[in-house]
Amino acid sequence: MSKKIAYGIISVAAVLIISAHTGLSAEEKIRTPAEASHFMQYTQHEDIVRFLSRLDHLSPELEVRIVGRTLPVQNYGAKDLFLCILSEEGAGSPSKIDRSKPTFFLVAAKHGNEQSAKEAALSLVRDLAVGDLRPLLRDVNVLVLPTANPYGNSLDQRRNEQDLDLNRDQVKLESPEAETINRVFRTWMPEVTLDVHEKGDGYYRVSIGCVSNVNIHARLQDFERGVLLAETAEALAGKNITYHEYLITQAMGIDSSAGVRYGREDTAGRQQMKRFSTTDLNDGRNSLGIYETLSFIQEGASRHDLATLKERTGYQYFGIRFLLESVARHGEEINTLVRGLRRDLVAKASVFAENDLVHLRMRYARDPEDATLTIQEFRRSRSPIRGILTVDKKAGDPLTAADIRPNPSGSEHQVVDQVVENWFPLVEPTTSVARPLGYIVPASHQDVIETLIKHGLELHLFTADFPLETEAYQITDIVPAQYDYLPPESIDVENSAVRTVAKRGDIYVPCAQPAANLIPCLLEPQSQYGLIRYWMYQLVPEKGDMFPFLRVTRAGDLPLVPYRSWH
């Protein structure tokens, strides 16, 4: 009997097969580690190893691969990063998967203290591997990285073992975790990605955000918002789970998504504004969306406490599930849209044209036709009950903090309408350049070259000194940033044609590759998203300096060989 035929009867036999392997009764199902603990503890790395090992043994549709490893630190050793590959044919590699279906890539818990993302991801893997979601694999392939930050998860803290915020490390890829996520993406090139996080305990229990960087084709955002998110919102409403597209509140004039640890003096006295999620490329959604991908972020409401773990895991699970089900319904449309835009981008980048623009800087803007936003929020009023005694006390007995626990109903919630006056729903480019055919990066900038390698970019090596016409930038004025992770406050350049000599060992980065939108954003001096913003590269120039990376806009035969990294 073929495997495909066997799937037709698996729904009848699945419970019996599982029971034979596990000893469970027909009424029971495999429980996630959190379910097994009655949500009284967070799932740890060793629990995940056992859980995935069991599922991998039981399910022909699931393959589990080790795709990365964290760094060892004192009191916490290196941990493997697992990728769960779920497909109808049980494929373990991109070459074996059925690409007539779209591929959906889920990354959970980049922030270690956002625990429900991981718990919901494990539930999803279970239900796709041996549960009632198995039929979805007829229409979609699923990749799941259930926990991207084992160290942060273990300590219930946001950052990883290097004290890095993994969702602000999607450009420099300094952490092994961020590098792994990027490598998995580039290896499989999924059409849809979802990055799952937690936010504050707001009225909207699930919030999902679209791509927003304007280099990503507008048709992708339109399809995300008009089709996939519309269907997800409707399904969540059917579960009485409140939903809104993901919104950010920030102090006006502050780049809150950059990864900067601002001081209080930076935000004091500033008005608050609301916008959709960031345009930044060091964000997990846009960093993959820049490859013309349907890419999302999901934020589940959370108090970040064990008492609400079961509830908030449920919110996250249904947000992920309903989005995945929408993707499965629109597989053919998604493949046509994403793959067509990817092909068009590479073709466009192979020919230099002055009107082929890459947008380097952007701003959030008001919409005259959508001047304000009305949303719902909780208004909390304090309960007169301060707490509940944990020991017997008589009138007049002393009372300590240890004798009382918080009132679980410590406040009463009212749902009220909030009218947002400082509403900035649009994104407008402010600085743009024509995409060159490629860039020359001097061999002396080895740290930059290593980052380009981590991004999986196609690089070429000059085998001999070679004179050629290029475009070079001279810095005419600059105001450096006050913080690491921010681009210069202002930078003016003069672009001029220069006859130069590319040295043997220098690197050529062609733009005609899937990262055609990313490459200029990384290497241009005026880029809001570029390597110039990270002090580790020492790229911030002074007035009068020549920027080290040269633009190539004329086609010609160059003495090049493909660059091979021997790491």
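The values are calculated or read from the model by the stated rules, or taken from the named source; none is laboratory data. As the structure is a prediction and not an experimental result, all values here were calculated from the model. No Cβ is skipped: glycine too gets one built from the backbone with ideal geometry, and neighbour counts run over all protein chains shown.
For the stretch 195-215, the tally of residues that are over 15 Å from the mean Cα position of the chain (by Cα), more than 10 Å from Q316 (Cα to Cα) and among the β-branched types (V, I, T) stands at 1. Screening the stretch 272-307 for residues that are in a strand (DSSP E or B) and among the small types (G, A, S) and picking the one that is farthest from the chain's Cα centre (by Cα) gives G300.
Do the conditions hold for N495, that is, is it more than 27 Å from L341 (Cβ to Cβ) and either buried (at least 21 other Cβ atoms within 10 Å of the Cβ) or modelled with pLDDT of 95 or more (or both)? Spell out how you get there, then give the answer.
On the way: more than 27 Å from L341 (Cβ to Cβ): yes; either buried (at least 21 other Cβ atoms within 10 Å of the Cβ) or modelled with pLDDT of 95 or more (or both): yes.
Yes; evaluated as a whole, the condition is true for this residue.
For the stretch 230-256, the set of residues classified as more than 16 Å from Y204 (Cβ to Cβ) and in contact (Cβ under 8 Å) with a residue 40 or more places away in the chain consists of E231, M252, D255, listed by residue number.
Among the residues of the stretch 341-380, write down those that are part of a loop (DSSP other than H, G, I, E, B) and farther than 24 Å from P510 by Cα. Listed by number, the residues that qualify are R366, D367, P368, E369, D370, A371, T372.
Does the stretch 230-249 hold any residues that are closer than 25 Å to N213 by Cα and touching a strand residue (DSSP E or B) at 6+ places or on another chain (Cβ under 6 Å), and which are they? Explain how you work it out, then say what you get.
First, pick out the residues of the stretch 230-249 that are closer than 25 Å to N213 by Cα: 230-233, 243-249.
Those that are closer than 25 Å to N213 by Cα and touching a strand residue (DSSP E or B) at 6+ places or on another chain (Cβ under 6 Å): A233, Y243, H244, Y246, L247, I248, T249.
Annotation note: Cβ proximity below 9 Å between a residue of the stretch 449-465 that is over 21 Å from P559 (Cβ atoms) and a residue that is hydroxyl-bearing (S, T, Y) and part of a helix (DSSP H, G or I) (sequence gap 6+ or interchain) occurs for T451/Y537; G456/T187.
Identify the residue in the stretch 332-346 that is surrounded by fewer than 20 Cβ atoms within 10 Å (Cβ to Cβ) and touching a residue at least 24 places away in the same chain (Cβ under 8 Å) and, among all such residues, is farthest from R554 (Cα to Cα). Only one residue tops the list, namely E333. Screening Q538 on (1) in contact with a strand residue (DSSP E or B) (Cβ under 7 Å, 6 or more places away or on another chain); (2) under 14 Å from H445 (Cβ atoms); (3) not hydrophobic (A, V, I, L, M, F, W, C) shows it passes everything except condition (1).
Taking the stretch 36-55 as the search range and keeping residues that are part of a helix (DSSP H, G or I) and touching a residue at least 60 places away in the same chain (Cβ under 8 Å), which one is nearest to N113 (Cα to Cα)? Break it down into steps so the answer makes sense when it comes.
Of the residues in the stretch 36-55, the ones part of a helix (DSSP H, G or I) are 36, 45-55.
Filter once more, so that each one left must be touching a residue at least 60 places away in the same chain (Cβ under 8 Å): 45, 48, 51-52, 55.
Working: H45: 14, I48: 16, F51: 21, L52: 21, L55: 25 Å.
Filtering first and then ranking leaves H45.
Looking only at residues in the stretch 176-229 that are among the polar types (S, T, N, Q) and in contact (Cβ under 8 Å) with a residue 60 or more places away in the chain, which one is surrounded by the fewest Cβ atoms within 10 Å (Cβ to Cβ)? Before the answer, list the steps.
Initially, the stretch 176-229 is screened for residues among the polar types (S, T, N, Q), giving 180, 182, 187, 193, 207, 212-213, 215, 221.
Right, trim to in contact (Cβ under 8 Å) with a residue 60 or more places away in the chain and you get 180, 182, 187, 193, 207, 212-213, 215.
Numbers: T180: 21, N182: 20, T187: 14, T193: 25, S207: 22, S212: 24, N213: 25, N215: 26.
By that ranking, first place goes to T187.
Listed conditions (1) buried (at least 18 other Cβ atoms within 10 Å of the Cβ); (2) touching a Gly at 6+ places or on another chain (Cβ under 7 Å) are all met by G284, apart from (2). Quick check: anything in the stretch 337-354 under 20 Å from the mean Cα position of the chain (by Cα), of a type in the set (A, V, I, L, M, F, W, C) and either modelled with pLDDT of 95 or more or within 30 Å of L523 (Cβ to Cβ) (or both)? There is at least one residue in the stretch 337-354 that is under 20 Å from the mean Cα position of the chain (by Cα), of a type in the set (A, V, I, L, M, F, W, C) and either modelled with pLDDT of 95 or more or within 30 Å of L523 (Cβ to Cβ) (or both). Put simply, of G131, G152, G202 the only residue that is modelled with pLDDT under 95 and either more than 17 Å from E292 (Cα to Cα) or not assigned by TED's automatic domain parsing to the domain that holds E332 (or both) is G202.
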